[in-house]
Protein chains: 2
Amino acid sequence: MSQKYATRAEDYSKWYNELVYRADLAEHSDVRGCMVIKPYGYAIWEKMKEILDKKFKETGHSNAYFPLFIPKSYLSKEASHVDGFAKECAVVTHYRLKNAEDGSGVIVDPTAKLEEELIVRPTSETIIWNSYKNWIQSYRDLPILINQWANVVRWEMRTRLFLRTAEFLWQEGHTAHATKEEAIKEAELMLDVYADFAENYMAMPVLKGRKTASERFAGADDTLCIEAMMQDGKALQAGTSHFLGQNFAKAFEVKFADKEGKLEYVWATSWGVSTRLMGALIMTHSDDEGLVLPPALAPIQVVAVPIHRTDEELAAINAKMNELAEDLKRRGISFKYDNDENRRPGWKFAEYESKGVPVRVAMGPRDLENGKAEIARRDTKTKEIVDFNGLGNYIENLLNEIQDNLLNKAMVFRTENTRTIDSYEEFKKEIDKGGFFLAHWDGTAETEAKVKEETQATIRCIPFDSNQEEGKCMVTGKPSKGRVVFAKAY
Amino acid sequence: MSQKYATRAEDYSKWYNELVYRADLAEHSDVRGCMVIKPYGYAIWEKMKEILDKKFKETGHSNAYFPLFIPKSYLSKEASHVDGFAKECAVVTHYRLKNAEDGSGVIVDPTAKLEEELIVRPTSETIIWNSYKNWIQSYRDLPILINQWANVVRWEMRTRLFLRTAEFLWQEGHTAHATKEEAIKEAELMLDVYADFAENYMAMPVLKGRKTASERFAGADDTLCIEAMMQDGKALQAGTSHFLGQNFAKAFEVKFADKEGKLEYVWATSWGVSTRLMGALIMTHSDDEGLVLPPALAPIQVVAVPIHRTDEELAAINAKMNELAEDLKRRGISFKYDNDENRRPGWKFAEYESKGVPVRVAMGPRDLENGKAEIARRDTKTKEIVDFNGLGNYIENLLNEIQDNLLNKAMVFRTENTRTIDSYEEFKKEIDKGGFFLAHWDGTAETEAKVKEETQATIRCIPFDSNQEEGKCMVTGKPSKGRVVFAKAY
């Protein structure tokens, strides 16, 4: 453990990149902008998927799978969608390789050119609505409540592991409804599902709100979002839920006959979260020693390490740990007992600390004698000597406490770094320090653009739940209906 | 239900295609060769995934995720691999679109050409071994036991839903080992996992064996497979497990230091099953009325339909069905009660029959009076009147019986359609009738090719478990070490 890592204070960005490697979560591949998600990182993503998937099903959704490729012409069917998405995509133009004549390897077969190029999906509204067209005739076919777990590709120029990669994994819900009201309700419901997941599993407080028109999803009438605050004070958009109006129904001519037989365009939503949540999770809780995981998402919730000199001591500790393993298994707690003889306890302590295992149990000969074990918490880095009797129960409570503590800590951090501000001069001075700034805005795209240009800060959302008072725009002095959240963002 | 569907006897291929639509499993998309897996079909695939994933984890594997794209040059690194795979692939050549100047839509931006083309993965050995190179230094880093759930693309010219599609979903295991013996053991273990899954969940008997050299995976030293027999007597390769020797380690220079510090190339396996299993499942059990599902993979195991004239009758039946729902839930049996007033019982009966729901419960006023319910089995299409008391227990046993019956039926079918044959003349006459033919073969690729050319039959496998006796090749009369399995195949 002699390697020196950057601390958050020294270099936040370097700290993040090193942490992703150090905790063995992911790495860059040789393919520009594409990452390899390593087993430990993927295990966390699998937990996220499992919990979200259950919530989607509980709210009436089914999974399905649509093609990876989208015909180029589909992208231009919805006018504002193409502007927002069509540009930076992976384009498939050929369908065959052949051996190079000089024997140097393979080359693209020029005779195998596609008539119409295919785009690797950056999002699936177009291909899905092209299918829905055939699925929907009458109000009886509605609602359609479908989710897809998939990989998508957006050709990003500057990439960062999990936060911004050319290929990423996500889920995208795509629903079709008979009424506007029902679609809006759906978009709101799914935002609530995301917020609940963020707070109760990721231990990450989020602001719920709506995007301004300029920050909306390309093709949406309304974009709802959850915004989280990272430890450097920057905002991270953790999930979005879009009310798409009838835009895609019109683009793909999807109409249904209502009970009176009248033909109407269908109403739509889409909503998604991605492996970006991994970045959010890391940056919300981790510290200079490595990853810190909320117990609800930790692949290993408890790790135990024996400290011994003799084989007899090890055998006695093994027996105790088997007892503990059984107890924790009954409680549904994931437990790893690491008695690998090739590694020393100090190495193991550092390893599991880097990997963010919430609770560490250590037991040495003296603990054994006294019927005790040493329990270390990853979140607070405190240790306690605890009776072995009743340890399972103690750990179960401790895991709950850690989960709560992480959320509270993040809440406090966010509160401390959220301020109301009324002077644009002050805003310009303060914005680089990070945090959320609640400020009045005149509601125009011009003012929003000016702030962005002058400070790189954007309106993260128009929050739902603030006690909104009227005021004057901090930039123009024009009337404002309420404060919005400005921040620099990932 | 007035639509007339093709029967298996009339047109097996049409029957299959119609069934996939009729049971709402999947459909063709507008993208050539790519399918849409609809929610009901995907729910079956999800069950398959869940069971297999559990088995992979129980045998020590972890999931991870590697890039969708493979640099073109990687494919030529393993010589025989490129011959087997590199040809029919989706090739990404550009990374940006732009608006057409005439406003007609989007066009590929010619300035955004990739320096090296990217191939959409047809399988991931190359990209994964390129990563393993950095992960493996010493014997301590071995074994690596990783699986990936992913989409892959092989540009097939003639496609059929589930059986052969340009894009399909699969899992691919990729393991790295210190010794040849360990790698061979791994390949055999995973074949056993597949065979167990096929027989005990899909209720589909499979032959285990190895491929001949000409039928081997491109880059493998040995390809093990499970082969199933469809109802038209054709063989379907349901899963493969490859011992890759040191081929990919050599291609990507992956060496490890053994305990003595000596550098050695790493040994490898890969193994996979895909959404093709959906095709196998359909064709093993289904009948002219639609899908037949083994209970272990049925998204809905039991459906209940009320038959009533009055609201009072419905209310009374609803109450009974709620009781049943609770009972079945406790038993872990998935149950749907369909009391939708917009559909008539006859429509529902046909619908759930098409969809292969294993058990149907119907209850009318007279059943209610007598404390009975009508139970219909999908597999045998038999009905019984059963006491409502104890119905949960009855159904639980019935589901087990159906699972067993489907496997037995398929076993009997396979036995009846498997024959030993010694005359090539007779073989040529009989092969079109379908079935497995156990014949002696001289072990040469020439003879294998001749049979394939003259009859379109291939050697499906050299079976593991037959009581092999020596003999003479049915084609050339040369010595044979044992019988191999010839068949026409999907």
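Computed from the coordinates by the stated procedures, all read-outs in this text should not be read as laboratory data. These figures come from a predicted structure and were not determined experimentally. With ideal geometry, Cβ positions are generated from the backbone for all residues, glycine too; neighbour counts draw on all protein chains shown.
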* Structure fact -> Expected vector for region A:231-246, Karplus 3J(HN,Hα) from phi with 6.51, -1.76, 1.60 and θ = phi - 60°, integer Hz, x for Gly and Pro, equals 5, 8, x, 7, 8, 9, 6, 9, x, 9, 9, 10, 8, 9, x, 10
* To do: Find every distance from the label point of B:K452 to the corresponding label point in the other copies (7 Å from Cα along Cα→Cβ) and write them in nm, one decimal, shortest first.
  => 5.8
* Please give the average number of partner chain Cβ atoms lying within 10 Å of the Cβ of each residue in A:93-103, rounded to a whole number. => 5
* Asked: Which of the trypsin sites (Lys or Arg not before Pro) across region A:359-446 are loop residues per DSSP, with 12 or fewer other Cβ within 10 Å?
  -> A:K381
* To do: Report Rg (one decimal) and Dmax (nearest whole number) for region B:290-411, counting Cα atoms only, units Å.
  => 13.8, 48
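Is there a simple number for the mean count of other chain Cβ atoms within 10 Å of the Cβ of residues in B:22-33, and what is it?
4
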* To do: Give, as a single signed number, the net charge of other residues whose beta carbon lies under 9 Å from the beta carbon of A:L224, with Lys and Arg counted +1 and Asp and Glu -1.
  => +1
* With each label point set 7 Å from Cα along the Cα-Cβ vector, what nm distance links B:E264 and B:E10? -> 6.2 nm
* Structure fact -> Taking the alpha-carbon centre of each part, the distance from region A:55-102 to region B:1-72 in Å is 19 Å
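How big is the Kirkwood radius of region A:418-487, worked out from every pair of different alpha carbons and given in Å to one decimal? Please report the intermediate quantities before stating the final value.
Values: mean 1/r = 0.0852 Å⁻¹.
Final number for the Kirkwood radius of region A:418-487 is 11.7 Å.
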* Asked: Can you list, largest first and rounded to whole Å, the semi-axes you get for region A:1-153 by taking the square root of 5 times each eigenvalue of its Cα gyration tensor?
  -> 35, 29, 15
* Asked: Which distances, shortest first and in nm, link A:R331 to the matching position in the other copies, using label points set 7 Å out along Cα to C-beta?
  -> 3.5
* **Reachable aspartates and glutamates from A:K488, criterion Cα separation under 14 angstrom, eight or more residues apart if same chain** => A:E215, A:E227, A:D232, A:E430, A:D432, A:E448, A:E453, A:E454
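Restricting to Cα pairs below 8 Å that are 6+ residues apart, what does the relative contact order work out to for region A:283-405? Please round to a whole percent.
Values: 181 pairs, mean separation 39.0, N = 123.
It comes to 32 percent, rounded to a whole number.
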* To do: Using label points projected 7 Å from each Cα along Cα→Cβ, tell me how many nm separate B:K49 and A:D340, to one decimal.
  => 3.0 nm
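Which loop chymotrypsin sites (Phe, Trp or Tyr not before Pro) in region B:372-475, with loop taken from DSSP, have no more than 16 other Cβ atoms within 10 angstrom of their Cβ? Can you show the working numbers first?
Details: sites: B:F388, B:Y394, B:F413, B:Y424, B:F427, B:F436, B:F437, B:W441, B:F464; in loops: B:F388, B:W441, B:F464.
Of the chymotrypsin sites (Phe, Trp or Tyr not before Pro), the ones in loops of region B:372-475 whose Cβ has at most 16 other Cβ atoms within 10 Å are B:F464.
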* To do: Please list the non-local residues whose amide H lies under 5 Å from the amide H of A:S480, H modeled 1.01 Å from N, same-chain partners needing a gap of 5 or more.
  => A:G471, A:K472, A:C473
* Asked: What percent do you get for the relative contact order of chain B when only Cα pairs under 8 Å and 6+ apart count?
  -> 14 percent
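Based on the mean of other Cβ atoms within 10 Å per residue, sort peptides A:319-330, B:221-232, B:14-25, B:337-348 so the most packed one is first. Could the numbers behind the result be given before it?
Working: A:319-330: 15.3, B:221-232: 23.6, B:14-25: 19.7, B:337-348: 13.2.
Highest-to-lowest ranking by the protection proxy: B:221-232, B:14-25, A:319-330, B:337-348.
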* Using alpha-carbon coordinates, inclination of helix B:445-455 to the longest axis of chain B, degrees -> 40 degrees
* Sort shortest first the distances from B:A9 to its counterpart in every other copy, using label points 7 Å along the Cα-to-beta-carbon line, and give them in nm. => 8.5
* Structure fact -> Per DSSP, the loop-located GluC sites (Glu not before Pro) within region A:101-138 having at most 13 other beta carbons within 10 Å are A:E101
* Using 7 Å Cα-to-Cβ label points, what is the B:E401/A:K428 separation (nm, one decimal)? -> 8.4 nm
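Once the other residues with Cβ under 13 Å from the Cβ of B:G392 are scored (Lys, Arg +1; Asp, Glu -1), what is the net sum? Each step should come with its number before you reach the end.
Values: positive: B:K320, B:K329, B:R330, B:R331; negative: B:E323, B:E326, B:D327, B:D387, B:E396.
Once all neighbours under 13 Å are counted, the net charge is -1.
What's the average, rounded to a whole number, of partner chain beta-carbon atoms within 10 Å of each residue's beta-carbon in B:333-341? Walk me through the intermediate numbers first.
Working: counts 0, 0, 0, 0, 0, 0, 0, 1, 0.
That average works out to 0.
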* Structure fact -> Surrounding charge for A:I459, neighbours by C-beta under 9 angstrom, Lys/Arg +1, Asp/Glu -1, total +1
* For chain A, report the convex hull volume of the alpha-carbon atoms normalised per residue, in Å³, without decimals. => 195 Å³
* Enumerate the amide H contacts of A:D287 below 5 Å, restricted to partners 5 or more residues apart or on another chain; note that Pro and chain-start residues carry no placed amide H. => A:V292
* Asked: Could you give P(r) for the protein assembly as shown, binned at 10 Å from zero, as whole percent values over all Cα-Cα pairs?
  -> 2, 10, 17, 22, 21, 16, 9, 2, 0, 0
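Could you sort B:310-318, B:204-212 so that the peptide with the highest average Cβ count within 10 Å comes first and the rest follow in order? Each step should come with its number before you reach the end.
Values: B:310-318: 14.1, B:204-212: 22.4.
Descending mean neighbour count gives B:204-212, B:310-318.
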* region A:12-285 - Rg and Dmax from Cα coordinates, angstrom -> 20.1, 69
* Taking the Cα centre of each part, how many Å lie between region B:136-178 and region A:123-182? -> 25 Å
